[in-house]
Amino acid sequence: MAAIGRRPFHILLLLAGSFTICRADQAHDVLQVINRVTTALTANNPAEAIAPFDKSFAGYATLAEYFINLTSAYSISNEAEAVDETDSTDETKLTLDWTVTLQNERIGTSERRREHVQVRLVRRGSRWVIVELSPLNFFAPRR
């Protein structure tokens, strides 16, 4: 009888372990989405950089235009590091310390930008999409 009494406790531990693994997977998955954006910008590929954004995102058209203009005018290096993260089952909010260096090799200029960027991602089926990003003007070709 004692073995039956312990079984729910073991099941609870297994469920708690699964929950922790799911959270770790979620954090990894959303950071992969951000990495997709940074990698695409560095590769001067605006179509790939905008791909993780939901088209219903209020700034979608503006950001797509910013990405096109940036990648056509500059060589870009950038990185984003998560400094804060809030997760729920189907949503993650991130504060990213994002650094972008824009080099115009034609005229020999360089500009470095660094800012905390707020991003909200939601799960759509099996994938994560970006539904909010601010400030948008961080990616404006001219600030």
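Values computed for the structure shown
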| read-out | value |
| --- | --- |
| Which numbered condition A58 misses (of (1) at pLDDT 95 or above; (2) under 16 Å from V129 (Cβ atoms); (3) outside any helix (DSSP H, G or I)) | (1) |
| Complete set of residues in the stretch 88-111 that are more than 21 Å from S56 (Cα to Cα), surrounded by 11 or more Cβ atoms within 10 Å (Cβ to Cβ) and of a type outside the set (V, I, T) | L96, D97, W98, L102, Q103, N104, S110, E111 |
| Test: F67 is in contact (Cβ under 8 Å) with a residue 40 or more places away in the chain, surrounded by 15 or more Cβ atoms within 10 Å (Cβ to Cβ) and part of a helix (DSSP H, G or I) | yes |
| Residue match in the stretch 48-59 (condition: surrounded by 15 or more Cβ atoms within 10 Å (Cβ to Cβ), more than 16 Å from the chain's Cα centre (by Cα) and of a type in the set (A, V, I, L, M)) | no |
| Matching residues, the stretch 38-64, being closer than 10 Å to F139 by Cβ and in contact (Cβ under 8 Å) with a residue 60 or more places away in the chain | G59, T62, L63 |
| Residues of the stretch 95-118 satisfying the condition of being more than 20 Å from I68 (Cβ to Cβ) and touching a strand residue (DSSP E or B) at 6+ places or on another chain (Cβ under 7 Å) | T95, L96, D97, T99, S110, R112, R114, E115, H116, Q118 |
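The values are calculated or read from the model by the stated rules, or taken from the named source; none is laboratory data. Nothing here was measured: the structure is a model prediction, and the numbers come from that model. Note that each Cβ is placed from the backbone with ideal geometry, even for glycine, and that neighbours are counted across all protein chains shown.
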